[in-house]
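Take a look at the structure set out below.
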């Protein structure tokens, strides 16, 4: 498979305890992989969840769509690639792929939609986050 151009990619390994009785990664674990990739990406571009929270800004997921393509097994190495896109004035989405290495076989395709809540609990995208996003509309 041809690798997609991603704004960020991180490689990880499947750990034994992430697998279910069938010997494959439990479906819920993939969300952990996706979230970890998002957090590491944001940290590398200067967005720190703790610092945002201390300023009264909360980044929240409001929708998660996952398409499972093929399973990972214990010991597999994989990559999570992502792109962040502005979807509306108050929403952004992470388009993420989990790909088994070394053949880049698709494992999961995901769209994770989020927003940012200000100190009053109202949606508001801070400038630091806004500058990271592609605005297709």
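Residues in region 33-55 that are in a helix (DSSP H, G or I), surrounded by 13 or more Cβ atoms within 10 Å (Cβ to Cβ) and either at pLDDT below 95 or in contact with a helix residue (DSSP H, G or I) (Cβ under 8 Å, 6 or more places away or on another chain) (or both): 4 in all. Scan region 95-127 for residues that are out of contact with any helix residue (DSSP H, G or I) (no Cβ under 8 Å at 6 or more places or on another chain), closer than 19 Å to residue 40 by Cα and touching a residue at least 60 places away in the same chain (Cβ under 8 Å) and jot them down. Within region 95-127, 97, 99 meet the criteria.
Does residue 17 fit the bill of being modelled with pLDDT of 95 or more, part of a helix (DSSP H, G or I) and touching a strand residue (DSSP E or B) at 6+ places or on another chain (Cβ under 7 Å)?
no
Checking each residue in region 77-98 for being part of a loop (DSSP other than H, G, I, E, B) and in contact with a strand residue (DSSP E or B) (Cβ under 6 Å, 6 or more places away or on another chain) picks out only 90. Scanning region 101-133 for residues that are over 30 Å from residue 73 (Cα atoms) and in contact with a strand residue (DSSP E or B) (Cβ under 8 Å, 6 or more places away or on another chain) returns 115, 116, 117, 123, 124, 125, 126, 129, 130, 132, 133. Within region 68-94, being over 23 Å from residue 13 (Cα atoms) and out of contact with any helix residue (DSSP H, G or I) (no Cβ under 8 Å at 6 or more places or on another chain) holds for 85, 87, 88, 89, 90, 91, 93.
Out of (1) free of Cβ contacts under 8 Å to residues at least 60 places away in the same chain; (2) farther than 18 Å from residue 28 by Cα; (3) in contact with a strand residue (DSSP E or B) (Cβ under 8 Å, 6 or more places away or on another chain), the odd one out for residue 72 is which? Only one criterion is unmet by residue 72, namely (2). For residue 104, the conditions (1) surrounded by 14 or more Cβ atoms within 10 Å (Cβ to Cβ); (2) more than 16 Å from residue 9 (Cα to Cα); (3) over 16 Å from the mean Cα position of the chain (by Cα) are fulfilled apart from (2). For region 56-68, the set of residues classified as on the phi < 0 side of the Ramachandran plot and either surrounded by fewer than 14 Cβ atoms within 10 Å (Cβ to Cβ) or not in a loop (DSSP other than H, G, I, E, B) (or both) consists of 58, 59, 60, 61, 62, 63, 64, 65, 66, 67, 68, listed by residue number. When you go through (1) over 13 Å from the mean Cα position of the chain (by Cα); (2) in contact (Cβ under 8 Å) with a residue 60 or more places away in the chain one by one for residue 9, which number turns out not to apply? Among (1) over 13 Å from the mean Cα position of the chain (by Cα); (2) in contact (Cβ under 8 Å) with a residue 60 or more places away in the chain, residue 9 violates only (1).
The values are calculated or read from the model by the stated rules, or taken from the named source; none is laboratory data. All of these numbers come straight from a predicted model, not from anything done at the bench. FYI the Cβ positions are ideal-geometry reconstructions off the backbone, even for glycines, and counts take in every protein chain you see.
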